[in-house]
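Report on the structure given below.
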């Protein structure tokens, strides 16, 4: 494994501090989409950046790339290439703990932490989540397909209540769903687990 140079670490820090164009409360580092920075050439002013979109075809990837290029050029890099890297795919597990807290403080329910690898099963069941003590018992078929995240209630980022309902599977971006808290009645976005 090749270790990063001090310059590469500094450029990674600069690129990682770029705010996400759709969720400016998060940096690209906190979102977990910035994968690598490599300096090339004898003069050390040519850099290649690996960036993974939150999903294939994400319209924000172009804005992210342009912002990274601008920041790195402002810090002396003559040539900046931003590559879109699709493998390994981005997952909401890549969002840092700091990023999850910033989402919550901003009024967006962060994605629930997944346990285990592999794809996230899609369950088109009830649209309401409730705290475990108020949840109805699952049928045997539902229980067999329940995931760790499905068992964990989705909490309102405003009041913390687990009694929430789904209003729309898509919100301002494809990565988010629109929900409403049944306790404080406030609507909120939920960054969906991927």
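The values are calculated or read from the model by the stated rules, or taken from the named source; none is laboratory data. Not measured: the values here are computed from a predicted model. Here Cβ is always computed from backbone atoms with ideal geometry, including for glycine, and neighbour counts include all displayed protein chains.
Within the bounds of segment 90-99, is there any residue that is farther than 30 Å from residue 192 by Cβ, surrounded by 13 or more Cβ atoms within 10 Å (Cβ to Cβ) and not assigned by TED's automatic domain parsing to the domain that holds residue 156? It would help to see each step written out before you state the result.
Of segment 90-99, the ones farther than 30 Å from residue 192 by Cβ are none.
Scanning segment 90-99, I find no residue that is farther than 30 Å from residue 192 by Cβ, surrounded by 13 or more Cβ atoms within 10 Å (Cβ to Cβ) and not assigned by TED's automatic domain parsing to the domain that holds residue 156, so the answer is no.
Only residues that are without any contact (Cβ under 8 Å) to a residue 40 or more places away in the chain and within 14 Å of residue 37 (Cα to Cα): list them for segment 81-115, please.
Hits for segment 81-115 are 81, 82, 83, 84.
Across segment 100-128, which residue is modelled with the highest pLDDT among those that are more than 18 Å from residue 164 (Cβ to Cβ) and surrounded by 14 or more Cβ atoms within 10 Å (Cβ to Cβ)?
Result: 102.
Tell me whether segment 72-80 contains one or more residues that are surrounded by 13 or more Cβ atoms within 10 Å (Cβ to Cβ), free of Cβ contacts under 8 Å to residues at least 24 places away in the same chain and in a helix (DSSP H, G or I).
Looking for residues that are surrounded by 13 or more Cβ atoms within 10 Å (Cβ to Cβ), free of Cβ contacts under 8 Å to residues at least 24 places away in the same chain and in a helix (DSSP H, G or I), one finds at least one in segment 72-80, hence yes.
Tell me which residues, restricted to segment 81-96, are more than 14 Å from residue 114 (Cβ to Cβ) and not in a strand (DSSP E or B).
If we filter segment 81-96 for residues that are more than 14 Å from residue 114 (Cβ to Cβ), which is where we start, we get 81-88, 96.
Result: 85, 86, 87, 88, 96.
Take segment 52-69 and flag every residue that is in a helix (DSSP H, G or I) and in contact with a strand residue (DSSP E or B) (Cβ under 9 Å, 6 or more places away or on another chain). Even if it seems obvious, please write down each step before you answer.
Going residue by residue through segment 52-69, those that are in a helix (DSSP H, G or I) are 60-69.
Selection gives 61, 64, 65, 66, 67, 68, 69.
Tally time: how many residues in segment 29-51 are surrounded by fewer than 23 Cβ atoms within 10 Å (Cβ to Cβ) and either within 14 Å of the chain's Cα centre (by Cα) or assigned to a loop (DSSP other than H, G, I, E, B) (or both)?
So the answer is 9.
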